[in-house]
Amino acid sequence: MSSNNAIVRDATERYRTARREAGESRGAFESEINRLGGTPRVETAIRRDTAPAQVADLLDIQASEQTVIRARHMYDGERLVQLADSYVPVDVAEAASIENPDTGRGGIISRMRDAGFEQTEVVEEITLYPATAAEAEAFGVEVGSNLLQITHVGYTEAGRAVEVTVHRPGPGWVLRYNAPVG
């Protein structure tokens, strides 16, 4: 995939099991980049730490409570295209082996399903924010340039938030949504 092509993030399809697990993909990002003819690569750092206050609120946990954090740098070939930090409650992470760098076919959402924490609802909020110096350098934009932030919250059927992922895509992404009208 050339660096001029947009990356289409289809929120309607990306969380469906067949799409996430297509061709042994390790999750939605890998599946999306593969479908566009690119070369997905992800560098993942995993640690236990407290989540930012907003994330702790979304997970309905105490601000002092530990989470498992998967901080990812996501590439198409050598081009950094997204930063993403996932926060998962420790009990869910342990049950679903989220601390393993290779989460297997379908990524962490499939591992959560296998462990009894299937996400049946996803809520995403999109905001604009000014690029930090580090993000500006990483994405090749000016400091303060508007970037997107997608805050993804995955809920179980019982209404428990089991994942919050803060996606920060670089320039060139297209966000696609499809909602039934009835």
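The values are calculated or read from the model by the stated rules, or taken from the named source; none is laboratory data. The structure presented is a predicted model; accordingly, all values stated were derived computationally and were not measured. Note that we place each Cβ from the backbone using ideal geometry, even for glycine, and neighbour counts take in every protein chain shown. Just the protein is used for accessible areas: all its heavy atoms, side chains included, with ligands, DNA and RNA removed. Shrake-Rupley method; radii C 1.70, N 1.55, O 1.52, S 1.80 Å.
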Worksheet item: Ignoring ligands and nucleic acids, what accessible area does residue 47 show with a 1.4 Å probe (Å², nearest 10)?
Response: 110 Å²
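At 1.4 Å probe size, with every protein chain present, just tell me what the per residue accessible area of the chain comes to in Å².
With all protein chains present, the chain gives 50 Å² per residue.
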Worksheet item: Where nothing but the Cβ of Lys and Arg (+1) and of Asp and Glu (-1) is charged, how large is the charge dipole of region 26-109 around its Cα centre, in debye to the nearest 20?
Response: 340 debye
Worksheet entry | Separation in nanometres of the label points that stand 7 Å from Cα toward Cβ, at residue 8 and residue 57 | 3.5 nm
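Sum -39500 (n - 2.57) across every DSSP H segment of at least 4 residues in the chain, then divide by the residue count to get the 222 nm mean residue ellipticity, nearest 500.
Details: 6 runs with 40 residues, N = 182.
Helices in the chain give a 222 nm mean residue ellipticity of -5500 deg cm²/dmol.
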Fill in: Size of charge dipole - the chain - debye, nearest 20, with Cβ of Lys, Arg +1 and Asp, Glu -1, no other charges
480 debye
Worksheet item: Taking springs between alpha-carbon atoms closer than 10 angstrom, which of 130, 40, 89 fluctuates most in the Gaussian network model of the chain?
Response: 130
Item to complete: With a point put 7 Å past each Cα toward its Cβ, work out how far residue 64 is from residue 134 in nm, to one decimal.
Response: 2.7 nm
Worksheet, complete the sentence: To the nearest 0.05, the calculated FRET efficiency linking residue 34 and residue 143 through their beta-carbon distance, R0 being 22 Å, is 0.10
Worksheet item: Of the accessible area of region 36-182, with the probe set at 1.4 angstrom, what percent is carbon plus sulfur?
Response: 49 percent
Discussion item. Assuming 0.36 nm per residue, please report the length gained on full extension of the stretch residue 49 to residue 176 beyond their Cα-Cα distance.
Written reply: 42.5 nm
Item to complete: Compare 51, 93, 138 in a GNM of the chain, Cα atoms joined below 10 Å, and give the one with the largest fluctuation.
Response: 138
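Can you give the FRET efficiency for residue 114 and residue 71, using 1/(1 + (r/R0)^6), R0 = 30 Å, r = Cβ-Cβ distance, to the nearest 0.05? List each step's numbers first, then the result.
Details: r = 23 Å, r/R0 = 0.77.
That gives a FRET efficiency of 0.85.
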